[in-house]
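J.: Structure provided below as structure tokens; questions to follow.
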Amino acid sequence: MNIDNSINLSEKWKRTGADFVVEYKDYTIEVRQNSKTGNAEEHRIYHINVINDCSSAEITVTVPELHTGEWLNKIPFIVRYNSKKKVTAILEECIREEEKNQEPRLVKFDKIGWQTHPKYGAMFLFSNGAMTEHGFRKDICSTITRYDYIHEKCLGGEEKNNQVEFINNVIRGGQTEIIWIHTVMSIIRQPLRQHGIDLGITLLIYGKPASGKTELMKNLTNVLGTPQSELPKRLLQTGMSTRELLACQAESKGIPVMLDDVKKERDQTSRDHSEVVTDVMIRSNYDGKLTKTYRQSDIDVATNLVITSEHIRPIRSQVGRMLWLNVNDYLKDSRHCDNLRNVQDHPEYASSFYGGFIRWLAKKLNDGGTVASWKIKYLEMREKNRTYMPLEDGVRIQEDDNILKFTYFIIKQYLEEEFTLKEEERVNLDNSVKDNIKRVIYQTAEQLGGMKSICMRIWEEIVMDSKIRVAKYCKRSAYNRNSYVLVWDQREFCLQEGDEFLYISDLDKAGAENEYFESANPCSVLVIRKEILEEKFLNAKKRIMNDGVISKEIYDRLSWEKMANYGILMFTTEKTMGTVRRRFVKPYPYLMERYEERSGRDDNYQWREWHEWTIYHSEEPTLAFNVNGFGSEAFEQRIIPSSEMNDTLSGTTEKEIQ
């Protein structure tokens, strides 16, 4: 303010009869969303010094308080004046003159996450500042607390070193790459959704107790750089109220929401509440808005949810809205333990990487052409990548694969522009991420039953390309304990020369040992020799791949282990030195009959020659298919008649087979 204006205001102030004076300092802007219109509105708050002969104080004055004169009631000591209207008019004139060429002391928004500022462009808001393309600023922040970006000082010279350390620990960590990509997906979800790209998906980290689920979640999603002692406070629990959980989910824009230790509660009431809140949060995350509201003004969900659980039972429609990440084997590798401990001890590693990425992304968002090219890339991925479409719920599984690969495409662009990657490092990173995306997608597909449908198709292809002999339940006379009794003809239940499949329709009736088929407790089975099955299994996979039913990636994943997982292929378990192994192959009786020439002396000691049938008994490596629940219609047309054997089994051989 110039000298003439200052003198003029002083004269006016004296004429009000006030025993105090006011000094205008600066102002703050609060940007709030109008709950009715949904538009952002600016509200200015002025900082005023009030001074008299005995006291002084700083007060904040809003525009409505200024217009109504209520600001005078905020002065913390007794003052005198002749006219409230005149005092207020002079203060208004003073503010108009001073704020013309003055920047606000602070700009506050009522949200966390991405906002656009007319001067600074795209920026990511924290409770204590904002990340722009030029760095971290403390004069712009959010009014919401609990989201302080702790390590803004690390964005100086140490930033690159911290980011490199974090990348190295993530890349060497196997499944941790998925948590890393999912966290970036949370950061970019809000701005990209405005361009028609929604990256909403829940990540479920599951495994046995003490497998590292919670530590992986809270340390690798630590965008804020929260210290270890404070991290547990950021974890949500299903025991909290639904209203509180959903409020956290709505306000935490761009910062992953962590729901820890979802388990099967002991009492029914807690169990029901846990299932309800988990279901509501997963659905809200997928839809991008709260599906259950308590009259909140903000129901927009612009982040992603991370859940840890030993036991979770979502409804069928919710299974496909999650990525299923199994971390049972993570801590078994000592290198993984060291990497996790390193990230735990240095929270600035994670926050430096995510902070650097946010700053880079702000720059890209200010350049509209970059986001437009990303959208083209995303649409191309959706059009070209159709690997998992043949699976059950293949549309959802394919979309999960697409958004993971698209997010990594953006991360890779950041790494190439901001870091100097050696060719070997780049190739190793690409291969590692590719393998881990495949792993988590197949784990998700198995939860949805997608791989089971493919295994069933393989099973049908094998059966329809085979000849099946049905074991007949016919009795014959046998000598036992000085008398003849009727027993099952054991020749029928042995594999015979020329057989492909042997169908035993009733194991209990046949008297078979159940431990051979311990995996699914079947009533009826198909038995086949290993060498025949290997050829048929390979041919069936090739046929369905050539028909376009599966891709090369799925082809490579199909195995006897997968078929055993779904109860199609039988197995036994063996425990050796604490390690449990599945055993699919087991010896099974195999008979060959030959018409051979014999010679010898008869009862009259005369030498003669004759021909007779002889059965040779051996054991062949075989596998067994479970027919329970599949019905016999699929292979009835492949059944061939049983050929009668001319010779009988010796008593010793028959007893051995039984």
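J.: Just wondering, is there one or more residues in region 117-125 that are in contact with a His (Cβ under 9 Å, 6 or more places away or on another chain) and aliphatic (A, V, I, L, M)?
T.: Taking region 117-125 first, the residues in contact with a His (Cβ under 9 Å, 6 or more places away or on another chain) are 120, 123.
Those still in the list that are aliphatic (A, V, I, L, M) too: 123.
Yes; the residues of region 117-125 include at least one that is in contact with a His (Cβ under 9 Å, 6 or more places away or on another chain) and aliphatic (A, V, I, L, M).
J.: Another question about this same structure. Could you run through region 550-576 and say how many residues are among the charged types (D, E, K, R) and touching a residue at least 60 places away in the same chain (Cβ under 8 Å)?
T.: Within region 550-576, residues that are among the charged types (D, E, K, R) and touching a residue at least 60 places away in the same chain (Cβ under 8 Å) number 3.
J.: Any chance region 523-541 includes a residue that's on the phi < 0 side of the Ramachandran plot, modelled with pLDDT of 80 or more and assigned to a loop (DSSP other than H, G, I, E, B)?
T.: So far as region 523-541 goes, no, none of its residues is on the phi < 0 side of the Ramachandran plot, modelled with pLDDT of 80 or more and assigned to a loop (DSSP other than H, G, I, E, B).
J.: Is it true that some residue in region 310-327 is aromatic (Phe, Trp, Tyr) and over 26 Å from ASN436 (Cβ atoms)?
T.: Scanning region 310-327, I find no residue that is aromatic (Phe, Trp, Tyr) and over 26 Å from ASN436 (Cβ atoms), so the answer is no.
J.: Out of region 206-219, which residues are in contact with a Ser or Thr (Cβ under 8 Å, 6 or more places away or on another chain) and open to solvent by less than 10 Å² (accessible area, probe 1.4 Å)?
T.: The answer is LEU216, MET217.
J.: Checking ARG608 against (1) at pLDDT below 70; (2) open to solvent by less than 90 Å² (accessible area, probe 1.4 Å); (3) over 23 Å from VAL463 (Cα atoms): exactly one of these is not met. Which one?
T.: Unmet condition: (2).
J.: Which one of these does THR444 not meet: (1) hydroxyl-bearing (Ser, Thr, Tyr); (2) open to solvent by 40 Å² or more (accessible area, probe 1.4 Å); (3) in contact with a strand residue (DSSP E or B) (Cβ under 9 Å, 6 or more places away or on another chain)?
T.: Condition not satisfied by THR444: (2).
J.: Any idea which of SER352, SER373 is hydroxyl-bearing (Ser, Thr, Tyr) and either farther than 20 Å from ILE181 by Cα or at pLDDT 90 or above (or both)?
T.: SER373 is the lone residue from the list that is hydroxyl-bearing (Ser, Thr, Tyr) and either farther than 20 Å from ILE181 by Cα or at pLDDT 90 or above (or both).
J.: Here is a follow-up. Is it true that ILE376 is β-branched (Val, Ile, Thr), out of contact with any helix residue (DSSP H, G or I) (no Cβ under 9 Å at 6 or more places or on another chain) and more than 20 Å from ASN169 (Cβ to Cβ)?
T.: Yes: the conditions hold for ILE376.
J.: Is it true that THR145 is part of a strand (DSSP E or B), open to solvent by 10 Å² or more (accessible area, probe 1.4 Å) and either small (Gly, Ala, Ser) or modelled with pLDDT under 90 (or both)?
T.: No, not satisfied.
J.: Now, a different point. Anything in region 184-198 that is assigned to a helix (DSSP H, G or I) and either farther than 23 Å from ASN342 by Cα or in contact with a strand residue (DSSP E or B) (Cβ under 8 Å, 6 or more places away or on another chain) (or both)? List them, or say none. Spell out how you get there, then give the answer.
T.: Kept after step one, since they are assigned to a helix (DSSP H, G or I), are these residues of region 184-198: 184-193.
Matches in region 184-198: MET185, SER186, ILE187, ILE188, ARG189, GLN190, PRO191, LEU192, ARG193.
J.: Which condition number does THR116 fail, the rest of (1) farther than 23 Å from ASP367 by Cα; (2) at pLDDT below 90 being met?
T.: The failed condition is (1).
J.: Here is a follow-up. Which number in (1) at pLDDT 85 or above; (2) within 23 Å of GLY129 (Cα to Cα); (3) not acidic (Asp, Glu) marks the one condition that PRO64 misses?
T.: Going through the list (1) at pLDDT 85 or above; (2) within 23 Å of GLY129 (Cα to Cα); (3) not acidic (Asp, Glu), PRO64 breaks only (2).
J.: Identify the residue in region 68-110 that is among the small types (Gly, Ala, Ser) and in a loop (DSSP other than H, G, I, E, B) and, among all such residues, is surrounded by the most Cβ atoms within 10 Å (Cβ to Cβ).
T.: So, considering only residues that are among the small types (Gly, Ala, Ser) and in a loop (DSSP other than H, G, I, E, B), the one surrounded by the most Cβ atoms within 10 Å (Cβ to Cβ) is GLY69.
J.: Are there helices (runs of 4 or more DSSP H) fully within region 236-353 with at least 3 residues that are buried (at least 16 other Cβ atoms within 10 Å of the Cβ) and touching a residue at least 24 places away in the same chain (Cβ under 8 Å)? List them. If you could, list the steps in order and put the result at the bottom.
T.: On the way: elements: 242-251, 268-287, 316-319, 334-345.
Where helices (runs of 4 or more DSSP H) fall fully within region 236-353 and carry at least 3 residues being buried (at least 16 other Cβ atoms within 10 Å of the Cβ) and touching a residue at least 24 places away in the same chain (Cβ under 8 Å), they are 242-251, 268-287, 334-345.
J.: Name the single residue that is farthest from the chain's Cα centre (by Cα) among those in region 226-235 being surrounded by fewer than 16 Cβ atoms within 10 Å (Cβ to Cβ) and part of a helix (DSSP H, G or I).
T.: Once the filter is applied, the top-ranked residue is LYS233.
J.: Return the pair list, or none, for Cβ contacts closer than 9 Å from residues in region 361-380 that are within 24 Å of LEU125 (Cα to Cα) to residues that are among the charged types (D, E, K, R) and crowded, with 19+ Cβ neighbours inside 10 Å, at least 6 apart or on different chains.
T.: Final answer for the pair search is THR370/LYS364; VAL371/LYS364; TRP374/LYS364.
J.: A further question follows. Being out of contact with any strand residue (DSSP E or B) (no Cβ under 7 Å at 6 or more places or on another chain), part of a helix (DSSP H, G or I) and farther than 28 Å from PHE357 by Cβ is true for just one of VAL433, VAL371, VAL463, VAL427. Which residue is that?
T.: Matching residue, one of VAL433, VAL371, VAL463, VAL427: VAL463.
J.: Quickly run through region 33-67 and pick out the residues that are open to solvent by 60 Å² or more (accessible area, probe 1.4 Å) and either at positive phi or out of contact with any Lys or Arg (no Cβ under 8 Å at 6 or more places or on another chain) (or both).
T.: SER35, LYS36, THR37, ASN39, GLU42, ARG44, ASP53, CYS54, SER56, PRO64, HIS67
J.: If you check ILE550 against the conditions, is it at pLDDT 65 or above, assigned to a helix (DSSP H, G or I), among the β-branched types (Val, Ile, Thr) and farther than 18 Å from THR622 by Cβ?
T.: Judged against the criteria, ILE550 is not a match.
J.: Now for a separate question. Among the residues of region 385-414, how many are more than 23 Å from LEU429 (Cα to Cα), open to solvent by 60 Å² or more (accessible area, probe 1.4 Å) and assigned to a helix (DSSP H, G or I)?
T.: Selection size over region 385-414: 2.
J.: Residues that are among the small types (Gly, Ala, Ser) and either in contact with a Lys or Arg (Cβ under 8 Å, 6 or more places away or on another chain) or under 27 Å from ASP110 (Cα atoms) (or both): does region 228-244 have at least one?
T.: Going through region 228-244, the residues among the small types (Gly, Ala, Ser) turn out to be 229, 239, 241.
So of that shortlist, the ones also either in contact with a Lys or Arg (Cβ under 8 Å, 6 or more places away or on another chain) or under 27 Å from ASP110 (Cα atoms) (or both) come out as 241.
Yes, the conditions are met somewhere in region 228-244.
The values are calculated or read from the model by the stated rules, or taken from the named source; none is laboratory data. The shown structure was predicted, so the numbers you read here are calculated from the model rather than taken from an experiment. Quick reminder, even Gly has a Cβ in these numbers, built from the backbone with ideal geometry, and neighbours come from all protein chains shown. Ligands, DNA and RNA are excluded from the accessible area calculation, which covers all protein heavy atoms including side chains. Shrake-Rupley method; radii C 1.70, N 1.55, O 1.52, S 1.80 Å.
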